[in-house]
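Have a look at the structure below before the remarks.
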Amino acid sequence: MSGTFEIKAVVREEHGKGASRRLRREQKVPAVIYGGTDKPQSLSLELRELVKALENEAFYSHVLDVKIGDNTEKAIIMDLQRHPATGVPMHIDFERVSKSTIIHKRIPLHFINEEVVAKTGANIQHVASEVEVTCSADNLPEFIEVDVAKLTAGSVIHLSELDLPEGVTLVELNKGESHDAPVVSVVSANAGADEAEEETEEASE
């Protein structure tokens, strides 16, 4: 995990839907931080600052520095609510963590060397774009890399084949072998055309 993200917050005293609506009219986002030994605390964030931070994929999977006045809390994003039509952030939940806190978090997958497969004329099919991991906050990865360079038509990479950082496990695999789902597969470039041709032939019979 690289880099540090800081987000500034202000303690808010007013609660309820009316107070939240007023905050949003002022271009602010209601938030809450909880966990650890301290009580939950209601906060507000500047909408513009939050939107800018959310443009970086790594912001979602990092331990953040939530700066509240002169105090800084280590936390992760637990929930982010957006407006269903505009996508504007409406509310965000943070959970306090320490280096040793064991957390569950969804982490993005980064597929590399796809151009190698493309040169063979095969097509890559992404089955998953992220995975849920369990690890200490100190070991939380920014992303998990999936190298597809050696894949050929008919090949599949499953969860159990991912190269995980030390101290990181997959939530699904902790449930048993039957949860070893595919992550990415490679099919022949002709596969789609063959299927379409078969469907056409069946329809004409």
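The numbers here are math on the coordinates, done by the rules we state, and not lab data. The structure displayed is predicted, hence computed values, not measured ones. Neighbour counts run over all protein chains shown; Cβ positions are idealised from the backbone, glycine included.
Per the Debye formula with a single identical scatterer at each Cα and no solvent contribution, what log10 I(q)/I(0) holds for the chain at q = 0.08, 0.10, 0.16 Å⁻¹? Reported log10 I(q)/I(0), two decimals: -0.41, -0.59, -1.05. Legend: distances between Cα atoms for LYS8/LYS99; LYS74/LYS105; LYS17/LYS175; LYS8/LYS105; LYS99/LYS150; pairs beyond 27 Å are LYS17/LYS175; LYS99/LYS150. Under the criterion of Cα pairs below 8 Å and six or more residues apart, the relative contact order for the stretch 6-97 equals 32 percent.
Scattering from the stretch 41-150 was approximated by placing one identical point on each alpha carbon and applying the Debye formula without solvent; log10 I(q)/I(0) at 0.13, 0.19, 0.20 1/Å stands at -0.63, -1.05, -1.12. Computed from phi, the 3J(HN,Hα) profile of the stretch 76-90 under the Karplus parametrisation 6.51, -1.76, 1.60 (θ = phi - 60°) reads 10, 6, 9, 7, 9, 9, 10, 5, x, 9, 9, x, 5, x, 10 Hz, with x in place of Gly and Pro. Backbone geometry of the stretch 109-126 corresponds, through the Karplus equation with coefficients 6.51, -1.76 and 1.60 at θ = phi - 60°, to 3J(HN,Hα) couplings of 9, 10, 8, 10, 6, 5, 5, 5, 5, 4, 5, 7, x, 8, 10, 8, 10, 7 Hz, x marking Gly and Pro. Taking amide H positions as modeled 1.01 Å from N, with prolines and chain starts lacking one, the residues under 5 Å from VAL171 and 5 or more places away or on another chain are GLU132, VAL133, THR134.
Tell me, in nm to one decimal, what length is gained between ASN174 and GLU55 on full extension, where the rule is 0.36 nm per residue of separation less the Cα-Cα distance?
Full extension from ASN174 to GLU55 adds 39.7 nm.
Going 7 Å from the Cα of VAL11 along its beta-carbon direction, which residues of the stretch 28-48 have the amide nitrogen within less than 14 Å of the resulting point? It comes to 33, 38-44, nothing else. Report, as a whole number in µm² per second, the diffusion coefficient that Stokes-Einstein gives for the stretch 6-97 at 20 °C and 1.002 mPa s using the Kirkwood radius over alpha carbon pairs. Diffusion coefficient, whole number: 161 µm²/s.
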